[in-house]
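To start, the structure under review is shown below, and the notes come after it.
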Amino acid sequence: MIKEIRYLIFITIISLSIFLTSKYYFSDVNKKNSFRSLNDIHKKIDIYSQYLSILEDDTKNIIEYVKDSKIKKDKKYYFWELIDKNE
């Protein structure tokens, strides 16, 4: 009998906590507060972005293009030949 009462109390507590949590989560007050906090974050980002300094681009003309004819072709190795040479 005590075991069943204990289970009933556990189920009641769990279901009550789920109910209250969902009620608060889906309430209008919580939606307003979350929207306000998101809106405040966007405003802060806009304010801080105005004071950021912009760095100049110093990476122009740093890439050197190499023609294919200048590239030396490497010797192709075959797996079995390498094993034979090591023995």
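The values are calculated or read from the model by the stated rules, or taken from the named source; none is laboratory data. None of the values given here were measured: they were computed from a predicted structure. FYI the Cβ positions are ideal-geometry reconstructions off the backbone, even for glycines, and counts take in every protein chain you see.
In the range 25-74, how many are on the phi > 0 side of the Ramachandran plot and either at pLDDT 80 or above or part of a helix (DSSP H, G or I) (or both)?
Residues that pass the stated criteria total 0.
Can we say Ile2 is surrounded by 10 or more Cβ atoms within 10 Å (Cβ to Cβ) and β-branched (Val, Ile, Thr)?
no
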